[in-house]
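One structure is given here, and the rest of the page talks about it.
The values are calculated or read from the model by the stated rules, or taken from the named source; none is laboratory data. All of these numbers come straight from a predicted model, not from anything done at the bench. FYI the Cβ positions are ideal-geometry reconstructions off the backbone, even for glycines, and counts take in every protein chain you see. With ligands, DNA and RNA removed, areas are computed over all heavy atoms of the protein, side chains included. Shrake-Rupley method; radii C 1.70, N 1.55, O 1.52, S 1.80 Å.
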Number of protein chains: 2
Amino acid sequence: MKSKYMGRKARLTRREMLGTGALAGVSVALAGAVEAAPRAGIPDSWDEEVDVVVVGTGFAGLAAAIEAAKAGASVALLEKMRTPGGNSIISGGVIAAAGSPMQAEEGIEDSVDSLYDDMMKAGLHLNHPKLARIVAEKSVETVQWTIDELGVEYRGLTHMGGHAVPRSYSLSAGSGSGIIVPQLNKLKEMGVEPRTRTLLKHLIRDAEGRVVGVQIHEKFKHPNMDSGKPKTIRARKAVVMATGGFGSDPDFRMLQDPRLGGDLDTTNHPGATSEALREAMNIGCVLIQPSWIQLGPWTSPDERGFGYAPHFVQGVSASFGLWIDTLTGKRFVNELADRKTRADAILAAGNKCIAMSDAEGYAKGSAGRPTDTLDKMKANGVLMEYATLEDMAAAHDIPLEALQATIDTFNQSVDAGVDSDMKRYFPNNVGKIGTAPYYVVRLSPKIHHCMGGCGINEKAQALDVVTGDPIPGLYVAGEASGGVHGASRLGSCAYADCLTFGRIAGQNAAAEAG
Amino acid sequence: MKSKYMGRKARLTRREMLGTGALAGVSVALAGAVEAAPRAGIPDSWDEEVDVVVVGTGFAGLAAAIEAAKAGASVALLEKMRTPGGNSIISGGVIAAAGSPMQAEEGIEDSVDSLYDDMMKAGLHLNHPKLARIVAEKSVETVQWTIDELGVEYRGLTHMGGHAVPRSYSLSAGSGSGIIVPQLNKLKEMGVEPRTRTLLKHLIRDAEGRVVGVQIHEKFKHPNMDSGKPKTIRARKAVVMATGGFGSDPDFRMLQDPRLGGDLDTTNHPGATSEALREAMNIGCVLIQPSWIQLGPWTSPDERGFGYAPHFVQGVSASFGLWIDTLTGKRFVNELADRKTRADAILAAGNKCIAMSDAEGYAKGSAGRPTDTLDKMKANGVLMEYATLEDMAAAHDIPLEALQATIDTFNQSVDAGVDSDMKRYFPNNVGKIGTAPYYVVRLSPKIHHCMGGCGINEKAQALDVVTGDPIPGLYVAGEASGGVHGASRLGSCAYADCLTFGRIAGQNAAAEAG
């Protein structure tokens, strides 16, 4: 990124002309001059020194730590919560790969361009094209890395909303723990263990603009931002910020989107707050696209957080069932549309919609899952079972005749092989709806992913707000960065983004001259 | 705005405990401590001192300067370009007021709530509710202020797109100069003259976080950011940043919306660049909603910038004519919808649309305008005249039969008093289309307004990115601020916003203890 605005450089010019050494610590008053000064002071002595400081232990942070350690760097891996994993460990367990071996086995044609196009379409073309393309280009390599390097296991391909074809590898573990745990094991082998309850308080930038270390609070007790004991760590090479989004932070959410107040639920863990992002802005990193905050369309008001609902709503109902507006008895959106389209459609329908399937649809959509999932969802109260369509309609105040007409039309579409109503993609094994019992999950969108964040370049370097140039010594990866997903992130693209740019950040951090 | 993230305050606590005086200039190394440090150094001596520094000479800056001077403050009024006025002086000349005397005269019922609702609807409810409400509540007072205090003259009410009723006062001058010139005259009376060719280079914030002055470049030559002679000005009370948006800055535009590259034209003046906003971020002001960048729907590819097109497209065709997709011969959008709806519709139609009217429509829509406007638009090549509909259709490759059907339907709607096609508001004097000659302007959206900017509160105080609290000594008003308009600004609401919050900023700046 080139820019004609040379604020910091202009400030440095005078130093450079006079020789930095001669000026160190000396205040010189020239007419009209403003002395260069760091944002946060550099301590007289550091409490600790390492090559690379990685902040955050989700997919991106752990991937960065693995790559940095592999390159021979000493790594301090910081995590503010009591346990590592961030949002990643509780996420849905699918990762996009375009043109993968598993697609080849199933005869599914796919390409980097197709994934890229899907990402750009969902992102309303607000995606930074070069960043989105890197994620698409490296998607197969990234999945393969999790298999070869980490021993991650996948149980099959899923067709996620907004994707042209099934291309998302489903973790056998059923959640992001299927990657986080192997990442942590790998790091342990390499002698790197996450330092939990360690808060990033300040990024420390020197007079030349380089990030040279961090101030942290050890024994931090979330969410008390003043808790813990201060300590400084010098980063001889670089700091990698992989601190995630701000989905659990109503204050910062509402600055960017005043609709998203504290009354709305979120799928995020409680630590998904903004303080690290705020500190990055505070030391001059540019913030991009922060008002694009994604609501997940596959959550239920009948449980807290992410919950069980997505297993049924996304895994079963979106491919093998129907989403119904209870006021009309009709479908109201392509059940496989991108997240924003679906969340907006649910809200526009007054938040009175359900996802449903019949017994056969449930069997197809839940193949490979633990068999007790159904019982868990029923026990939890999030999934309801009905012996007949009549019972289902009565329980949810759906006009029965309209509902039956909707199902009849859908069944004709299944015969024809084309969804006449919503143009939804039909998997080969899609079937007619009509086998009791019927299952229902009520729908209510929840705050899920922050598309905006720190501006970065293709090397995962943070960009300076004044110059647009990279900030030496600072890398950002994962949800803390902005630009990859534009207006709306497609499902299973966060895994690809976080792991790909986490690795890039770790490799480049370790390669800094230091 | 309350926040639990207390970064700066936490840093100050230790100072406060030990006593600021004892620590001044002394570096104390405590274990794990990071010394508080200002963002940009404070000069050993200031070149000049005033009470209030106002940066920018559009509506907001001049309104702030007037209020500050009126309150007895000495004011330095800075403008980086050769002439004052910014985008304001070349803008379209309409200001919204809800429940105004002129509406009462015409029997138009209106209310603050109605304007507020229109703003929120266009803004997709991303508007900061309290800020939007202030603009709506004060809209009549603000217009009255321009009349009583400045002697501004208006020639009538206009019905702008997205507004429920005609509520926008049209300047007799036909452009924003009708307010800017009286503002400059008023300031001259008070002994304040804009210092042109004076660039804001740095905002200077002290160790306690207060903005205490600026570094500027005198004899600045736009766009050479290194040109001019550095000088510092201490602001004893406050700095008001009214530096406008970044519509003419492809680098910053593309960070926030990569589609908006340098190949796209803009209605903005060449000085609408991002360096002041970048500097505000650089010293810790929070950036909100920067990716919402409005394209004006009423511009033409046949001239540069704002041009003449809006006079016809908005003033004539949107109320008394039709907007036609040349590929289909049909209307494609409510011609009085909000800007985003219309710009998106034009782009979605492949940017191949026209605005048209017949001779009677032209006469009605241009009543009160200088009579040579038509000749100027024809000479400029932006407006084309045709003796018959057939000629018009042939010249623009419009299917004639479909075009005639569209006009027939419209004429039936005029008889019925209701727009059956697009539900457009019909003014009382709307007429059927059919009187030769016919006029056409081709449509192509241009970058017009940046909705995002510095986060502010109801007092126009800039908000700190770390704490969310006001930054002492820094006010932001006008397009440099964010939040009033949300996702999309309604026409004529920028005048109300800039003048209202400019006045608020100036009043509060002058009232600071200093």
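Summary of computed values
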{"quantity": "Filter result (touching a residue at least 60 places away in the same chain (Cβ under 8 Å) and surrounded by 13 or more Cβ atoms within 10 Å (Cβ to Cβ)) within the stretch A:182-192", "calculated": "A:183, A:184, A:186, A:187, A:190, A:192"}
{"quantity": "Strands (runs of 3 or more DSSP E) contained entirely in the stretch A:377-469, each with at least 1 residues that are hydrophobic (A, V, I, L, M, F, W, C), under 27 Å from the mean Cα position of the chain (by Cα) and more than 24 Å from residue A:492 (Cα to Cα)", "calculated": "A:461-463"}
{"quantity": "Unique match (being of a type outside the set (Asp, Glu), in contact (Cβ under 8 Å) with a residue 60 or more places away in the chain and closer than 30 Å to residue A:45 by Cα) among A:196, A:146, A:142, A:158", "calculated": "A:196"}
{"quantity": "Within the stretch A:1-98, strands (runs of 3 or more DSSP E) holding 1 or more residues that are modelled with pLDDT of 50 or more and among the small types (Gly, Ala, Ser)", "calculated": "A:75-78, A:94-96"}
{"quantity": "Residues within the stretch A:208-240 that are in a strand (DSSP E or B), open to solvent by 20 Å² or more (accessible area, probe 1.4 Å) and at the interface with chain B (Cβ under 8 Å from one of its Cβ atoms), tallied", "calculated": "3"}
{"quantity": "Odd one out for residue B:350, checked against (1) part of a loop (DSSP other than H, G, I, E, B); (2) closer than 30 Å to residue B:170 by Cα; (3) open to solvent by less than 60 Å² (accessible area, probe 1.4 Å); (4) of a type outside the set (Ser, Thr, Tyr)", "calculated": "(2)"}
{"quantity": "In the stretch B:154-204, the residues that are on the phi > 0 side of the Ramachandran plot and touching a helix residue (DSSP H, G or I) at 6+ places or on another chain (Cβ under 6 Å)", "calculated": "B:162"}
{"quantity": "Sole exception among (1) over 30 Å from residue B:430 (Cα atoms); (2) charged (D, E, K, R); (3) more than 12 Å from every other protein chain (Cβ to nearest Cβ); (4) in contact with a strand residue (DSSP E or B) (Cβ under 8 Å, 6 or more places away or on another chain) for residue B:155, by number", "calculated": "(1)"}
{"quantity": "The lone exception for residue A:496 - which of (1) outside any helix (DSSP H, G or I); (2) surrounded by 24 or more Cβ atoms within 10 Å (Cβ to Cβ); (3) away from every other protein chain (no Cβ under 14 Å) it fails", "calculated": "(1)"}
{"quantity": "Subset of the stretch A:259-275 (residues that are facing chain B (nearest Cβ under 10 Å) and in contact with a Ser or Thr (Cβ under 7 Å, 6 or more places away or on another chain))", "calculated": "A:273"}
{"quantity": "Candidate set from the stretch A:284-325 (those that are surrounded by 24 or more Cβ atoms within 10 Å (Cβ to Cβ), among the β-branched types (Val, Ile, Thr) and within 14 Å of another protein chain (Cβ to nearest Cβ)); member that is nearest to residue A:434 (Cα to Cα)", "calculated": "A:288"}
{"quantity": "Among residues of the stretch B:412-460, those that are over 30 Å from residue B:103 (Cβ atoms), of a type in the set (A, V, I, L, M, F, W, C) and open to solvent by 10 Å² or more (accessible area, probe 1.4 Å), counted", "calculated": "1"}
{"quantity": "Residues that are surrounded by fewer than 24 Cβ atoms within 10 Å (Cβ to Cβ), touching a residue at least 12 places away in the same chain (Cβ under 8 Å) and in a helix (DSSP H, G or I), drawn from the stretch A:241-274", "calculated": "A:250, A:251"}
{"quantity": "Set A:512, A:479: member being touching a Pro at 6+ places or on another chain (Cβ under 9 Å) and either at pLDDT 95 or above or assigned to a loop (DSSP other than H, G, I, E, B) (or both)", "calculated": "A:512"}
{"quantity": "Pair list, Cβ under 6 Å, 6 or more apart: the stretch A:64-77 residue open to solvent by 10 Å² or more (accessible area, probe 1.4 Å), other residue part of a loop (DSSP other than H, G, I, E, B)", "calculated": "A:69/A:190; A:69/A:192; A:75/A:192"}
{"quantity": "Subset tally (residues that are of a type outside the set (A, V, I, L, M, F, W, C) and part of a helix (DSSP H, G or I)) for the stretch B:121-162", "calculated": "11"}
{"quantity": "Verdict on residue A:140 being open to solvent by 20 Å² or more (accessible area, probe 1.4 Å), within 23 Å of residue A:483 (Cα to Cα) and modelled with pLDDT of 95 or more", "calculated": "yes"}
{"quantity": "Members of the stretch A:325-344 that are among the charged types (D, E, K, R) and either in a loop (DSSP other than H, G, I, E, B) or in contact with an Asp or Glu (Cβ under 8 Å, 6 or more places away or on another chain) (or both)", "calculated": "A:331, A:335, A:338, A:342"}
